[in-house]
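Below is one structure, written out as structure tokens; comments come after it.
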Amino acid sequence: MSRVVVTSPLPGDAIALLERDHAVRVLEPGAPLAPALADADALLCMLTDPITDAILAAGPSLRIVANCAVGFDNVDVAAATARGIWVVNTPNVLTEASADFAWALMLAAARRIVEGDTVVRSGRFQGFRLGLLLGAPVAGQTLGIVGLGRIGQAVARRARGFDMRVLYAQRHRADAARENELRARHVPLAELLSESDFVSLHVPLTGATRHLIDAAALARMKPSAILVNTARGPVVDEAALASALESGHLAAAALDVFEREPDIDDRLRRLDRVLLTPHAASATEPTRAAMARALAEDILRVLSGQLPNNPLNQI
């Protein structure tokens, strides 16, 4: 019987699925990971768990690391590969939920929904006023998508219902059929930033994308523009963003991820035109359960000598 370490309780039936054939240990919050890996064959971890080479070395029997996220910046994939350990993630299953959430943030920021809720709950609503909480239009505007992967494409598909002009920026241009389907035009990042009314980020966190949206990038954006980040916090220079918002150069921002989670720049907390959510883009019950189950299935495959469905490396 193989041993599986899980760093957090899981929704759905993933634990039960693993327990049919293997011994499963779910760690308590804050429990050290390295000692638990001494006799582990598989690790199911969260995106908040740094899986470094030192952590991998603590598990000499590890055969697979299953990361509960579509991103994998918390895992040293090269070190895992060198040690003969599979690394898998959860693509596909969270695409639609994450795209829905990005749109929810965009609409809420544009139409100042959270500010309106606060006005009503605080007892300050005194009836209709023509100039109360004037927001920004969404329909017919220009949407810039930075990173046209699965989630970026799903965001672009939703833009058609709002009759938006869609621009996208990424290193490799999509094929013509995909561009036609999405009605999206490939442009350099600088052009996207300068022309877009909304900029939505959907890139992985890498050395190249860390602080991709820095002070210079923010300076290129329209003063009326709204920035939405559901990718990874460090893609945006939070200090530069706070300064741009404070100066009025940027109209608003909606952030689901943060540069130093769970810490957030205090200036962002104080600004009314900043919408903050707790890294919840994929947080629907079916999506989170499907993420956990996909990882459990890949663990079972590897432990039974099969290839995983969603590998990030090759062993």
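The table that follows gives values for the structure above.
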item	result
Fraction of accessible area attributable to carbon and sulfur, the chain (%, probe 1.4 Å)	53 percent
Environment charge of Glu195, counting only residues whose C-beta is closer than 15 Å and scoring Lys/Arg +1, Asp/Glu -1	+2
Gyration tensor (alpha-carbon) shape descriptor, the chain, a/c threshold 1.5	prolate
Centre separation in Å (Cα based) which lies between the stretch 252-300 and the stretch 1-78	21 Å
Gyration tensor verdict on the stretch 123-193 (Cα atoms; rounded if a/c is under 1.5, prolate if a/b is larger than b/c, oblate otherwise)	prolate
For the chain, with +1 on Lys and Arg beta carbons and -1 on Asp and Glu, the positive-most of Phe128, Ala294, Leu245 along the dipole	Phe128
Full-extension gain in nm, Met46 to Glu246, via 0.36 nm per residue minus C-alpha separation	68.6 nm
Prolate/oblate/rounded call for the stretch 1-41, Cα gyration tensor, a/c under 1.5 rounded	oblate
Packing rank of 303-309, 289-295, 48-54, where each peptide gets the mean count of other beta carbons within 10 Å, highest leading	289-295, 48-54, 303-309
Amide H contacts of Val75 (H built 1.01 Å from N, under 5 Å, at least 5 apart or other chain)	Ile51
Note, ³J(HN,Hα) from phi for the stretch 166-175, Karplus 6.51, -1.76, 1.60, rounded to Hz, x at Gly and Pro	10, 10, 9, 10, 6, 4, 10, 5, 5, 6
Accessible solvent surface per residue of the stretch 87-163, calculated while the other protein chains remain in place, 1.4 angstrom probe, Å²	50 Å²
Phi-based couplings in Hz for the stretch 131-147 (Karplus 6.51, -1.76, 1.60; Gly and Pro marked x)	x, 6, 6, 5, x, 10, x, 10, 4, x, 8, 9, 10, x, 10, 9, x
Backbone HN-Hα couplings from phi across the stretch 244-252 [Karplus 6.51/-1.76/1.60, Hz, Gly and Pro as x]	5, 6, 4, 7, x, 5, 10, 6, 6
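The values are calculated or read from the model by the stated rules, or taken from the named source; none is laboratory data. Note that this is a predicted model, so its numbers are computed, not measured. Virtual Cβ from ideal backbone geometry, glycine too; neighbours counted across all protein chains shown. Calculation scope for accessible area: heavy atoms of the full protein, side chains included, ligands and nucleic acids excluded. Shrake-Rupley method; radii C 1.70, N 1.55, O 1.52, S 1.80 Å.
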